[in-house]
Amino acid sequence: MSLSGALERAPRRERARFQLERLRAVVARVHERVPFYRRRLGEAAVAPADIRSLDDLRRLPFTTKDDFQATYPFGLLATPLDDVVRLHASSGTTGTPTVVAYTRGDLDTWSDLMARTLRAGGVGRSDVVHNAYGYGLFTGGLGFHYGAERIGATVVPISSGFTERQLLALRDFGATVLCCTPSYSLHLAEALGAAGIPPSALRLRVGFFGAEPWTEEMRRAIETRLGLTAFNVYGLSEIVGPGVSVECEEHHGMHVHEDHFLPEVVDPATLEPVAPGVTGELVLTTLTKEALPVLRYRTRDLTVLDPEPCRCGRTFARIGRITGRTDDMLIIRGVNLFPSQIEQVLLAVPRVEPHYLLVLRREGALDALEIRVEAHPDVVVAGEEAVRGLADLVQRRVREAIGIAVGVTVVPPGSIERSPGKARRIHDLR
Ligand code: DLL
């Protein structure tokens, strides 16, 4: 077993020892080098020497997206720019982009973590990796690229978009591994169908999907339509990019690479840790980042933490699917709702296609939700009554499952905008 493989399976107690060493080092590093953290640690009355056990993590101050924006672009760096060899940025939907930086050492660690991520799905030297994550400031493209190269696989750096060209590359280069957002994988499947290329004409075996929320229902649709096994990958720019966590062959939660990142799940209101299995906000601390170490980053992503060893033999804690974000919760007639709950209901309805849009409007003092969803072409061919029947059925199912009345519009196949990257599921007209 490789060193990394042994680490992932080490008993928790053994791992805790070097995690503590690394935590102490990172706290000392930011205290010495980043004025922002020196001030925050001072306000929290914690000195690096106070970190004596992993439980002392809780004494450290949190970092938020606002802190990144307030120190834009380089205020959180712990190295001079001369030692920075790469910048990435996440655009976000509003405001200042979040800039993140990497030293040569950081890129090396990231490549190792991405290699580990791909190996979790059995990727090896003989694989052809079709990498349709966007290359550029987004971390997805280059993150997967370096990981696949580190393994020695053959990388096709196709980036996102230009779907026609993707189809030819998938087929002609014999791609065995697909990396892209889950929504784009479905768009590829659709385009393959339209081009008359059946999944059996491809060699796809596994896919690594992340960067946006998706559900088990979506997994089933992707696996069936592309004839591959889907792995969920989670990560975010502020922490490193992809490569924070990935599913193993059990597909029962995503293992956090705990030798480099310490996960916590806290109640977003009280900021106190919640018990294993209870949903809360994921908080991550980097243990080895050089250019941009981050203490207790509040990801705004909602999930559960499972510290128990996995059937696969790994002892790294797992996080569950991201079920929402603290900032994408909708309140419809007083009911708190996450888009993923809607997706789950929609995709369980036969003849509904996995392409939808949630449109929000203000009607008087109330928020109103309209679900636009595509139907299978058969439904459209069957005529208006079939379309209306499907809309009624979706409406009923949503009311049964979530308890709210929503408007449902069944729209023709292909009419909801496809994105080569992260899908936009919410159109807020309020
Ligand atoms: O999306 C990094 C990434 C690239 C992850 C490729 C996986 C694959 P950002 O653009 O900074 O970085 O966006 C991070 O995307 O806070 C989550 O809200 C969301 N996200 C990422 N992975 C998942 C996932 C990349 N597997 C934000 N499930 C995060 C649900 C995800 N949401």
- prompt: What Kirkwood hydrodynamic radius do you get for region 307-430 when you take the inverse of the mean 1/r over all pairs of distinct Cα atoms, in Å?
  reply: 16.1
- prompt: Expressed as a rounded percentage, what relative contact order does the chain have, with Cα pairs under 8 Å and six or more residues apart?
  reply: 13
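Give me the percent of the accessible area of region 297-351 that comes from carbon and sulfur atoms, probe 1.4 Å, all protein chains in place.
Carbon plus sulfur share of accessible area: 52 percent.
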- request: Beta carbons within 10 angstrom, averaged per residue: use that to sort the peptides 228-236, 63-71, 364-372, highest first.
  value: 228-236, 63-71, 364-372
task: Would you kindly derive the ³J(HN,Hα) couplings of region 318-331 from the backbone phi angles with the Karplus curve 6.51 cos²θ - 1.76 cosθ + 1.60 (θ = phi - 60°), listing them in order in whole Hz, with x for Gly and Pro?
output: 10, 10, x, 3, 6, 9, x, 10, 4, 9, 10, 6, 9, 10
statement: In order over region 37-42: 3J(HN,Hα) from phi, Karplus 6.51/-1.76/1.60, θ = phi - 60°, whole Hz, x for each Gly or Pro, gives 6, 4, 5, 5, 5, x
field: Distance from region 159-236 to region 381-430 (C-alpha centre basis), Å
entry: 23
task: Could you size up the charge dipole of the chain around its Cα centre, putting +1 on the beta carbon of Lys and Arg and -1 on that of Asp and Glu, and report it in debye to the nearest 20?
output: 500
statement: Heavy-atom accessible area of region 92-207 with neighbours in place, 1.4 angstrom probe: carbon+sulfur share in percent works out to 55
- prompt: Residue by residue through region 9-22, which ³J(HN,Hα) values in whole Hz follow from phi under the Karplus form 6.51 cos²θ - 1.76 cosθ + 1.60 (θ = phi - 60°), with glycine and proline marked x?
  reply: 10, 5, x, 3, 4, 5, 5, 4, 4, 7, 4, 5, 4, 5
- prompt: Kirkwood hydrodynamic radius (Cα pairs, Å) of region 55-158?
  reply: 15.5
message: How much accessible area per residue does region 86-164 have, counting only protein heavy atoms and a probe of 1.4 Å, in square angstrom?
response: 39
task: Pairs of Cα atoms under 8 Å, at least six residues apart: use those to get the relative contact order of region 283-352, whole percent.
output: 20
query: Where does each of 102-112, 198-208, 411-421 land if you order them by average Cβ count within 10 Å, highest first?
result: 102-112, 198-208, 411-421
field: Rounded Å value of the spacing that divides the Cα centres of region 20-40 and region 337-357
entry: 44
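Rank-order 131-137, 176-182, 346-352, 331-337 by packing density, defined as the average count of other C-beta atoms within 10 Å over each peptide's residues, highest first. Working shown, then result.
Details: 131-137: 21.9, 176-182: 26.0, 346-352: 17.6, 331-337: 13.7.
Packing order, densest peptide first, comes out as 176-182, 131-137, 346-352, 331-337.
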- prompt: Once you sort the root eigenvalues of the Cα gyration tensor of region 278-335 as a ≥ b ≥ c, which label holds: rounded (a/c under 1.5), prolate (a/b larger than b/c) or oblate (the other case)?
  reply: oblate
Farthest toward positive dipole pole in region 1-323 [+1 Lys/Arg, -1 Asp/Glu at C-beta], among Pro307, Leu168, Pro198: Pro307
statement: Checked region 1-323 with the C-alpha gyration tensor, a ≥ b ≥ c its square-rooted eigenvalues, rounded below a/c of 1.5, otherwise prolate if a/b is larger than b/c and oblate if not; verdict prolate
query: Around Ala375, which amide H atoms from residues at least 5 apart in sequence, or from another chain, sit under 5 Å from its own amide H, with H modelled in the peptide plane?
result: Glu353, Val411
- prompt: With all protein chains present and a 1.4 Å probe, how do Glu374, Glu400, Glu308 order by accessible area, largest first?
  reply: Glu400, Glu308, Glu374
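The values are calculated or read from the model by the stated rules, or taken from the named source; none is laboratory data. All of these numbers come straight from a predicted model, not from anything done at the bench. With ideal geometry, Cβ positions are generated from the backbone for all residues, glycine too; neighbour counts draw on all protein chains shown. Side chains are part of the model used for accessible areas, which takes the heavy atoms of the whole protein and leaves out ligands, DNA and RNA. Shrake-Rupley method; radii C 1.70, N 1.55, O 1.52, S 1.80 Å.
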